[in-house]
Amino acid sequence: MISPGTLLHQRYSIIRLLGSGGMSEVFEVCDQQAKDHPIKVLKLLKEDSPDLIKRLQQEAEVLQRLPHPGIPWVSPEDGYFCEQVPGFPEPLHYLVMEKVPGETLQEWLKTTHPLSEAEAIAYLKQLVEILDHIHHANFLHRDIKPSNIIRKPDGKLVLIDFGISREMTETYHKKLQQNVTGTYHLFTRGYAPAEQMDGRAVPQSDFFALGRTLVYALTQTPIADLPTAKDAISLQWQSAVPGISSNFARLLDSLMAPIPTQRPKNTQEILRAIALLERELTPRLRLREVPWVVLLSMTMATLCLGIRGNGWMQPLELKALDAMMQLRPAEVPDLPGFW
């Protein structure tokens, strides 16, 4: 067992365990050789499986080839390594990457309110921009979900866990055209579309998972608990988000369409749709920014004008006029022959 204080690769000192799954453990480590001893994340394989080792090596390669503020950085020099550790019969395999501050979107949503429409549009734009970078490099993420998105303290998002990402090589395209699938399929139930569960993921498969991630963020309801239409795929979620604009709802529904060809063609098409939503949203946001004092003043002025126009203030006005007349000084009578 790897315990706090253990030094790996003569460089990384274990601080604490961050998480453990069936195939790997994730630790927070201190890089003893780097300047200022930065904190990083180390993923350790628990099983000595050739397939898992290949996937870990692939994840390191993908992250090294995708430098982006919304993707954890992995050093090309020593991002991946293996070594023999006393007490373990087989060499241990590691992936070391940048430690992103913050918490996953799933964790954060447990302690706050569901996203507003404006927040959801802003988050969707961030994620599509990250996905645009990934797809332009001919990769698929294939595992977008709230637990694989980190929300930093400044509100910026980072997409993590590229363990089942896939490069869109010519060989892969030929297999798709020939309807050839692999012997095993990797996906997260509830966020993966039908074609991915069949081993035929395409760029639009990431859009499906992205749409369902935003629905979860808007409703704070697990995907499995949301009702579906007769096709057992299309989510009936809009009643859980009262007041959402029809255009935004249509965009999310298009991302989650059952068939890939019914979804947007590419990330640029989604970004254009988001730009239209932002233009529609701006006037509404500006109205909300009007100071409440101004609104109160306008309301009171309108109320007073309405009361006065209906004559309801006339008795008070007459009393006020009578009081003013009584306060006038007595007039001096004219003297005869004064002129």
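All of I121, I149, I134 fail the test of being in contact with a strand residue (DSSP E or B) (Cβ under 6 Å, 6 or more places away or on another chain), under 24 Å from E278 (Cα atoms) and of a type in the set (A, V, I, L, M, F, W, C), apart from I149.
Residue count for region 276-312 satisfying the condition of being modelled with pLDDT of 60 or more and over 27 Å from I121 (Cβ atoms): 17.
If the condition is being in contact with a strand residue (DSSP E or B) (Cβ under 9 Å, 6 or more places away or on another chain) and of a type in the set (K, R), then region 96-118 contributes only K99. Here L95 meets each of (1) in contact with a helix residue (DSSP H, G or I) (Cβ under 6 Å, 6 or more places away or on another chain); (2) surrounded by fewer than 17 Cβ atoms within 10 Å (Cβ to Cβ) with one exception, condition (2). In summary, strands (runs of 3 or more DSSP E) completely within region 1-95 and bearing 1 or more residues that are without any contact (Cβ under 8 Å) to a residue 12 or more places away in the chain, in contact with a strand residue (DSSP E or B) (Cβ under 7 Å, 6 or more places away or on another chain) and within 30 Å of K125 (Cβ to Cβ) occur at 12-20. Filtering region 122-175 to residues that are modelled with pLDDT of 95 or more, touching a Leu at 6+ places or on another chain (Cβ under 6 Å) and of a type in the set (D, E, K, R) leaves only R151.
Within region 69-76, identify whether any single residue is exposed (fewer than 15 other Cβ atoms within 10 Å of the Cβ) and at pLDDT 95 or above, and answer yes or no.
Yes, the conditions are met somewhere in region 69-76.
The values are calculated or read from the model by the stated rules, or taken from the named source; none is laboratory data. Keep in mind that what you see is a predicted model, and the values were worked out from it rather than measured. Here Cβ is always computed from backbone atoms with ideal geometry, including for glycine, and neighbour counts include all displayed protein chains.
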